[in-house]
Amino acid sequence: MSTDPRQDWREWREAREAAVSAPYGPLSLAGHHWLSDRPEGRIPAVPGEWRADGDEVVLTAAGGDGLAVDGKPFTGTVRLAADQGPAGESRVAAGERRFVLLRREGEWAVRDFDPGAGTRRAFRGVEVTPYDERWVVPGVFRPYGETRDVRVGNADGRERDLGLAGELVFALDGDERTLQVAVGEGGSLWAVFADATSGDDSHRFRFLKPPAPAPAADGTVTVDFNRALLPPCAFADHFLCPFPPPGNTLDVAVPAGERRLVRN
C-alpha cells in the first residue's frame, strides 16, 4: 500500500472493476434456484437432477447432460457440499457455466454462473464519484460482546437473519453517526446502509467495508465512503442481498463511492 490515499483508491478501483466484470463475477449470475421449489429434482435450463439430502446435495447426471465434476466428464451420482470458493472454482460445470451450491438457513439452492449472461454483455460500467478526502473520517468500532441476529428483508423478497457484531461510530457534517456492522473474514467490518441519495442518485442501498482488515486493538478504524460499494444484486437480480437493518439509514446525503450502474 502506498502513502498516497488517492493512489491506493485508484488501485482499489481497478481491482474492483476487474472483479465485477470478470467471467464469473456478479454480472454472470444467470439464475438462482431453490431446491425446495423443485422437489422432483429438475431445474429448467440446468442439466442434471439435484436433490437436497440433509447436509449434502445429491447430483445425478446422464451422459446427455454434458456435466463435468472436478474438471472431468461426469455420469452417475455424486454427493456435494456447499461451495466455499469463488464461482469459477465450483466443482460442477457444463461448458463455461458453473453451478454453485449455496445453503441459507438450512435451505439449498443452485446458482448458475454463465460468462455469456445478458447482464454481463449489457454492462456499461459503474457511476463512481471521484475520490474526495472529506469522505474519509475516523471511526470507532464498539462490539456488542455477542452477535445479535436481526431479521431483515432481502432482495428476493424473503426475510433472513443478519448477524450484527457491533456499532461503527463516526462523525459526518459535525454530528455523530452510527452504523450497525457485521464482522467478516479476518475480522473485517462491513455494513449495509442507505442515505439521503438512496433510490435517487444512488442505488437503494450500498455496502461499506472499511479498508483496514480489522479495527485496531483500541477499536479505531478508518471510515472511507469513497469505497462504498454497490451490492451484488445491483449487478444481477438473482442475488439475495440483505437490506439495511433498522438504524442504518443515514439522514445525510453521501454522494461518494459507487452510486449506480451506468445508464444506457
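Just a few scattered comments:
- Leading residue by the ranking (farthest from D218 (Cα to Cα)) among those in the range 160-175 that are charged (D, E, K, R) and surrounded by 14 or more Cβ atoms within 10 Å (Cβ to Cβ): R160
- Residue match in the range 141-157 (condition: farther than 27 Å from T222 by Cβ, crowded, with 17+ Cβ neighbours inside 10 Å and in contact with a Cys (Cβ under 8 Å, 6 or more places away or on another chain)): yes
- For the range 75-128, taking the residues that are outside any strand (DSSP E or B) and among the basic types (K, R), the one that is farthest from E56 (Cα to Cα) is identified as R124.
Okay, residues lined up against (1) closer than 20 Å to L168 by Cβ; (2) touching a His at 6+ places or on another chain (Cβ under 7 Å); (3) free of Cβ contacts under 8 Å to residues at least 24 places away in the same chain:
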{"position": "F235", "(1), (2), (3)": "no, no, no"}
{"position": "H238", "(1), (2), (3)": "no, yes, no"}
{"position": "N248", "(1), (2), (3)": "yes, no, no"}
{"position": "V252", "(1), (2), (3)": "yes, no, no"}
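- Selected residue (criterion: nearest to the chain's Cα centre (by Cα)) from residues of the range 27-74 that are aromatic (F, W, Y) and part of a strand (DSSP E or B): W34
- Of all residues in the range 41-63, those satisfying the criterion of being in contact (Cβ under 8 Å) with a residue 12 or more places away in the chain, out of contact with any Ser or Thr (no Cβ under 9 Å at 6 or more places or on another chain) and either under 15 Å from R111 (Cβ atoms) or open to solvent by 70 Å² or more (accessible area, probe 1.4 Å) (or both) are I43, A45, V46, P47, D53, D55, V57.
- Test: R38 is open to solvent by 60 Å² or more (accessible area, probe 1.4 Å), in contact with a strand residue (DSSP E or B) (Cβ under 6 Å, 6 or more places away or on another chain) and farther than 19 Å from G116 by Cα: no
- Scanning the range 10-26 for residues that are open to solvent by less than 70 Å² (accessible area, probe 1.4 Å), farther than 13 Å from L229 by Cβ and in a helix (DSSP H, G or I) turns up A18, S21.
- Residue, surrounded by the fewest Cβ atoms within 10 Å (Cβ to Cβ), within the range 176-228, restricted to residues that are under 12 Å from N248 (Cα atoms) and of a type in the set (V, I, T): T178
- Flag for R260 being under 27 Å from S28 (Cβ atoms) and assigned to a loop (DSSP other than H, G, I, E, B): no
- Within the range 85-115, the set of residues being more than 19 Å from A19 (Cβ to Cβ), in contact (Cβ under 8 Å) with a residue 12 or more places away in the chain and among the small types (G, A, S) comprises A93, A94, G95, A109.
The values are calculated or read from the model by the stated rules, or taken from the named source; none is laboratory data. Since we're looking at a predicted model, the values are computed, not measured. Glycine also receives a Cβ, built like all others from the backbone with ideal geometry; neighbour counts cover every protein chain displayed. Protein only, heavy atoms only, side chains kept; ligands, DNA and RNA dropped before computing areas. Shrake-Rupley method; radii C 1.70, N 1.55, O 1.52, S 1.80 Å.
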